[in-house]
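Read through the structure below, which is laid out as structure tokens, and then see the notes.
All of the numbers you see were taken from the coordinates with simple rules; none came from a lab. What you see is a predicted model; the values in this text were computed from it and never measured. Here the Cβ positions follow ideal geometry from the backbone for every residue, glycine too, while neighbour counts run over all protein chains shown.
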Amino acid sequence: MSRQRATAFVPGHVTAFFSAHPGDRPAAAGSRGAGVTLTDGVTVGVSAADGDDGTRVLDGDSGAIGAVEDVLDALGVPAVDVSVETDLPIGAGFGVSGAAASGAALAANRAFDCGRSENELVRIAHEAEVDRGTGLGDVVAQARGGVPIRLEPGAPGVGALDGIPADARIEYVTFGELSTEAVLGGDTTALSAAGEAALDRLRADPRLPNMMAAAREFARSADLLVPEVETAIDAVEAAGGEAAMAMLGRTVFALGTGLSDAGYDPDACRVHPAGARLVSDAAVDDGGETAVHR
């Protein structure tokens, strides 16, 4: 018997570098690259609607996310209310759209007893993101957690993942949005070549500092750096820290206290040890799933 209500938490995801791999089938399309999942993330609640039309709430205001709507359609669930809550900046390189799609898939599957496996739900959310042009690799990375390395593009059963066995404090500052659709919709040849070079470098030495160094070189080679981001990265390096640009956003993330040491006032969290998952309503009410662990 279905519960008619469920909640999921999905970690945020910062992409350090990537190469784009479009395809005729959304499940086979995606990206190769690496990034970090965050204890700061997205909480998605799904419940049966009272009437024929459900509601959509994003951080307390009415608002829908396209990939979430596609996930609900793919699952064939009845009219539902969906609440998406996050402390992460939207459109700034934290994978919020992918997290919302994954969370909606997990929660709707549980609430309405859809009978889908974890890999099926990841595939549905991944396909929704690819079709919408809002992401290529966030969903699969967020499903894994930790510090994922995307070896081959695509959803489970097609793509392949590895990871860096590491934990760290992560700081970040955001200077504004950067359109993922605009970047991915243009010529990605040079960007992808830089991403492939960065992945080769990381696979030869899979450690966090090397990922950060590869990310900095990628941003420069792909001509994605914006002035305020470059200034912040240089300031962290001058202070002896490791920082890079989040793909795709006007955001800088750093290991440890890198941004604090450079004079910034960053938000802080940690590498998330696990991937997207269902949570109890009590945990959400207590704030335990989205709390910052310093």
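Among 132-142, 8-18, how do they line up by average Cβ neighbours within 10 Å per residue, starting with the highest? Can you show the working numbers first?
On the way: 132-142: 27.5, 8-18: 29.8.
For the peptides 132-142, 8-18, the packing ranking is 8-18, 132-142.
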May I have the convex hull volume per residue, in Å³, for the Cα set of the range 69-210?
137
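Sort the following peptides by mean Cβ neighbour count (other Cβ atoms within 10 Å, averaged over residues), highest first: 226-237, 32-43. Each step should come with its number before you reach the end.
Details: 226-237: 18.2, 32-43: 27.3.
Top to bottom by mean Cβ count within 10 Å: 32-43, 226-237.
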In order through the range 39-46: 3J(HN,Hα) via Karplus (6.51 cos²θ - 1.76 cosθ + 1.60), integer Hz, x for Gly, Pro:
5, 6, x, 10, 10, 10, x, 10
Over the Cα atoms of the range 1-133 the radius of gyration and the largest Cα-Cα distance (Dmax), both in Å, equal 14.5, 44
In whole percent, the Cα-Cα distances of the chain spread across 10 Å bins from 0 upward as 7, 31, 36, 20, 6, 1
Summing -39500 (n - 2.57) over the DSSP H runs of n ≥ 4 in the chain and dividing by its residue number, what mean residue ellipticity at 222 nm do you reach, to the nearest 500 deg cm²/dmol?
-10500 deg cm²/dmol
Can you give me the C-alpha center-to-center distance between the range 38-58 and the range 188-236, rounded to a whole angstrom?
35
Among 122-129, 153-160, how do they line up from the highest to the lowest mean number of other beta-carbon atoms within 10 Å?
122-129, 153-160
Run the Debye formula on the Cα coordinates of the range 125-177, all scatterers equal and no solvent, and tell me log10 I(q)/I(0) at q = 0.16, 0.22, 0.24, 0.26 1/Å.
-0.58, -0.90, -0.96, -1.02
